[in-house]
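So the structure is just underneath, and the comments pick up after that.
The values are calculated or read from the model by the stated rules, or taken from the named source; none is laboratory data. Please read these numbers as outputs of a predicted model, since none were measured by experiment. Note that we place each Cβ from the backbone using ideal geometry, even for glycine, and neighbour counts take in every protein chain shown.
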Amino acid sequence: MGSMWGWIGRRRQLEIIEMSLNHINKIIEVSNELSEFLETYVTKGKEEASKVYEKIFLSEKEADDIKRDIISSLSTGIFHPIDREDLIRLTLTSDDIAAHAKYAARNLLILPQREIPKELVNLLIKMSKELQKATIRIKDGINELYRDPRKALEVADTIERIEEEVDEIRTEALEKAVAWCDTIGIPSVCIIIKEVIDSIENATDKCEDVADIIRSIALLSF
């Protein structure tokens, strides 16, 4: 392989891949738990959903801990400065996915217990399911960076298409939210529900940013 792995030995390569996969596994957990949270909020109410939020909180914290370990490891190894920068960007941007997913759940818990329109909730859940797909594909992309950088580029394209799909769902969700807000006339509720929608979309945007970083690393590996 070329520049990306040329500065370090195989053992070090595998250590980096393993740490990155451990990190993205935690982020996948957060995205899975966000879907669980939204479904629980609708079917069992705010109190039960808050228990799921605790799982999100802990998983996101564990992802943070792994992120710090990766950054520490990268600061002591033998890397070309450009390669180190790409790997740090990969880690930090991936971590932002979990942060935005946590914000989505936390913001919904701020909302007074209300019966959110079923169509709107279904769109939120649909967005979260797409986020799950994107995080799983990020894991695939990280694996392919080592095995086959050309396939990593294909995975990155898939993540980009998922993000575009979420953009479309977000527009529909905002339309439903605006219509609902017009009927209830409570500004604080409208603001919070928009924050929830945007947080899920922001998490997926970060997945696309990670896809761009995967492309950058893959191209350096030819």
Worksheet item: List, please: which pairs have Cβ atoms under 7 Å, are six or more places apart or on different chains, and start with a residue in the range 49-68 that is closer than 14 Å to Ala101 by Cβ and free of Cβ contacts under 8 Å to residues at least 40 places away in the same chain and end with one that is crowded, with 21+ Cβ neighbours inside 10 Å and acidic (Asp, Glu)?
Response: Lys55/Glu33; Ser59/Glu33; Asp64/Asp95
Fill in: Residues that are over 8 Å from the mean Cα position of the chain (by Cα), among the polar types (S, T, N, Q) and under 21 Å from Val30 (Cα atoms), drawn from the range 198-221
Ser199, Asn202
Discussion item. Conditions first: (1) at pLDDT 95 or above; (2) part of a loop (DSSP other than H, G, I, E, B). Glu115 passes all but one, so which condition is the exception?
Written reply: (1)
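How about the range 22-54: which of its residues are among the β-branched types (Val, Ile, Thr) and more than 12 Å from the chain's Cα centre (by Cα)?
The initial filter retains those residues of the range 22-54 that are among the β-branched types (Val, Ile, Thr), namely 24, 27-28, 30, 40, 42-43, 52.
Thr40, Val42, Thr43, Val52 - these are the residues of the range 22-54 that are among the β-branched types (Val, Ile, Thr) and more than 12 Å from the chain's Cα centre (by Cα).
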Worksheet, complete the sentence: Selection over the range 111-126 where residues are in contact with an Asp or Glu (Cβ under 7 Å, 6 or more places away or on another chain) and farther than 21 Å from Glu47 by Cβ yields a count of 1
Practice prompt. Taking the options Ala173, Ala156, name whichever one is crowded, with 17+ Cβ neighbours inside 10 Å, small (Gly, Ala, Ser) and more than 30 Å from Glu85 (Cβ to Cβ).
Written response: Ala173
